[in-house]
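Step one of this worksheet: look at the structure below.
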Amino acid sequence: MADSPHSMEKDKQQTIPNIFKRLALLLGTEVKNGRLEIPEKFGKGYCAGFIFNEYIRMFILNYDLNEDLIVENPDVDTTRRMILFKFQNIFPKTEKASTENLVKAMPSVLIATGNVNTEVIIPIDTNPASINIEVDADYLNGLFDLSEKSPVLQSLLQNTQPLLFEQMIYPSFRKIIDEIVTESVGTTFELFFLRIRAEELVCRLLMELEKRDEKRLYPLNVQDIQTIYKIKEQMLEHLGTPPIIKELAVRANMSPSKLKRLFKQIFGAGIFGYYQEFRMKEAARLLKEEKLSVSDAGYQLGFTNLSHFSRVFQEHIGMKPKQYSRS
């Protein structure tokens with residue numbers, strides 16, 4: 001029996017999340033083609049939401065509000081086991097970033113099980129520039145043979161304990177994200193196009209997580225996650241001073257072994273390796289954007305031996321600093 005026009009219209013409406021309809025009502029505007037433009041008197045920017053099917057949905061949030069708004073989400077379903085992939089700091093910033101802001105604004109993805117509320121742990125302000133993809137854990141589980149998977153993937157997809165991972169955004173991710181945000185696709189193909197891109201991002205992230213070598217994962221609580229993030233920020237705000245694990249552990253009020261274990265579990269790299277990666281990214285920025293000489297960049301980042309700086313830089317960036325600043 002053919003669907004009546006009324007039931008077809010009902011199905012069609014389900015591609016727009018109800019929270020967006022509520023927000024539109026609050027702002028005195030409407031959602032057009034899944035997109036809600038923020039009226040000028042409330043701020044600027046837009047948000048867009050797409051329910052692709054019962055297993056996967058995506059929200060694009062790129063706006064500034066003049067003040068916080070509280071909107072209850074009517075779609076929260078605590079019985080569903082959703083995994084969140086939150087791509088943050090992916091929209092170009094207009095203002096020039098300081099080193100401190102650069103650390104906070106580094107593009108990355110948070111991957112969280114359903115029982116970790118990332119908004120509580122990593123607070124957002126009135127400018128939530130992110131793309132959030134939510135995928136049903138059972139749906140993802142059905143796509144793979146669980147017995148073949150790494151412990152990290154197994155624990156994530158079982159989605160039974162509170163876990164959070166953060167992953168750097170590589171150029172391959174960047175390209176797909178840019179297509180999601182900028183590609184102009186007619187309304188006929190929009191949902192299909194965006195769903196394929198969203199699933200490709202999720203697939204690439206799972207491929208990266210599978211490379212992680214943890215044999216055992218530890219359930220996380222809010223306090224531990226907040227502490228690890230605080231330690232990470234403090235460490236990266238002082239890139240000229242290499243981290244001393246014992247001192248960081250005292251600050252974190254954790255044993256050194258617990259600090260190292262949880263840090264690696266969340267970020268996929270040891271404390272010093274993670275620090276060194278950021279240090280070299282900052283060195284590359286100082287050479288290219290600030291036009292510093294190789295020696296000035298090296299000294300600013302705490303290197304006393306320039307040949308050592310040159311060697312570490314080449315390991316991380318792929319060429320010597322002098323070569324890089326000329327490229």
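The values are calculated or read from the model by the stated rules, or taken from the named source; none is laboratory data. For clarity, every value in this text was computed on a predicted model and none was experimentally measured. Note that each Cβ is placed from the backbone with ideal geometry, even for glycine, and that neighbours are counted across all protein chains shown. Keep in mind that these areas ignore ligands, DNA and RNA; they rest on the heavy atoms of the full protein, side chains included. Shrake-Rupley method; radii C 1.70, N 1.55, O 1.52, S 1.80 Å.
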(request) Counting only C-alpha contacts under 8 Å and six or more residues apart, can you give the relative contact order of segment 139-211 as a whole percent? (result) 45 percent
(message) Taking the full set of protein chains and a 1.4 angstrom probe, give the accessible area of Met207 in square angstrom, rounded to the nearest 10.
(response) 100 Å²
(request) Pop the C-beta distance of Leu143 and Lys215 into the FRET formula with R0 = 22 Å and round what comes out to the nearest 0.05. (result) 0.40
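Give me the percent relative contact order of segment 196-294, please, defined on Cα pairs under 8 angstrom at least 6 residues apart. The partial results should precede the final answer.
Working: 43 pairs, mean separation 22.9, N = 99.
For segment 196-294, the relative contact order is 23 percent.
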(message) Please give me the summed charge of the neighbours of Pro243: other residues whose Cβ is under 14 Å from its Cβ, Lys and Arg +1, Asp and Glu -1.
(response) +3
(request) Can you tell me the order of 269-276, 189-196 when each peptide is scored by its average per-residue count of other Cβ atoms within 10 angstrom, highest first? (result) 269-276, 189-196
(message) Based on alpha-carbon centroids, what's the gap between segment 215-261 and segment 155-193 in Å, whole number please?
(response) 28 Å
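Quick one: net charge around Ile56, please, counting Lys, Arg +1 and Asp, Glu -1 for every other residue with C-beta under 11 Å from its C-beta. All intermediate terms of the calculation are to be shown ahead of the outcome.
Values: positive: Arg57, Arg195; negative: Glu54, Glu134, Asp136, Glu199.
Cβ neighbours under 11 Å give a net charge of -2.
Distance check, please: which entries in Lys260/Lys281; Lys288/Lys322; Lys175/Lys320; Lys232/Lys264 exceed 19 angstrom between their Cα atoms? Write down the numbers at each step before the final one.
Working: Lys260/Lys281 22 Å; Lys288/Lys322 10 Å; Lys175/Lys320 26 Å; Lys232/Lys264 11 Å.
Flagged as over cut-off: Lys260/Lys281; Lys175/Lys320.
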(request) Please find the FRET efficiency linking Phe189 to Tyr46, where r is the Cβ-Cβ separation and R0 is fixed at 25 Å, and quote it to the nearest 0.05. (result) 0.80
(message) I'd like the accessible area for Lys44, computed on protein heavy atoms only with a 1.4 Å probe and all protein chains in place. Round to 10 Å², please.
(response) 130 Å²
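Take the alpha carbon gyration tensor of segment 158-296, find the square roots of its eigenvalues, order them as a ≥ b ≥ c, and report rounded if a/c is under 1.5; if not, report prolate when a/b exceeds b/c, else oblate. Write down the numbers at each step before the final one.
Working: a/c = 2.78, a/b = 1.31, b/c = 2.12.
Oblate is the answer for segment 158-296, as a/c is 1.5 or above yet b/c matches or exceeds a/b.
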(request) Any chance you could look up the accessible area of Glu183 with a 1.4 Å probe, heavy atoms only, rounded to 10 Å²? (result) 100 Å²
(message) Keeping all protein chains in place and using 1.4 angstrom, which order do Arg212, Arg261 fall into by accessible surface area, from largest down?
(response) Arg261, Arg212
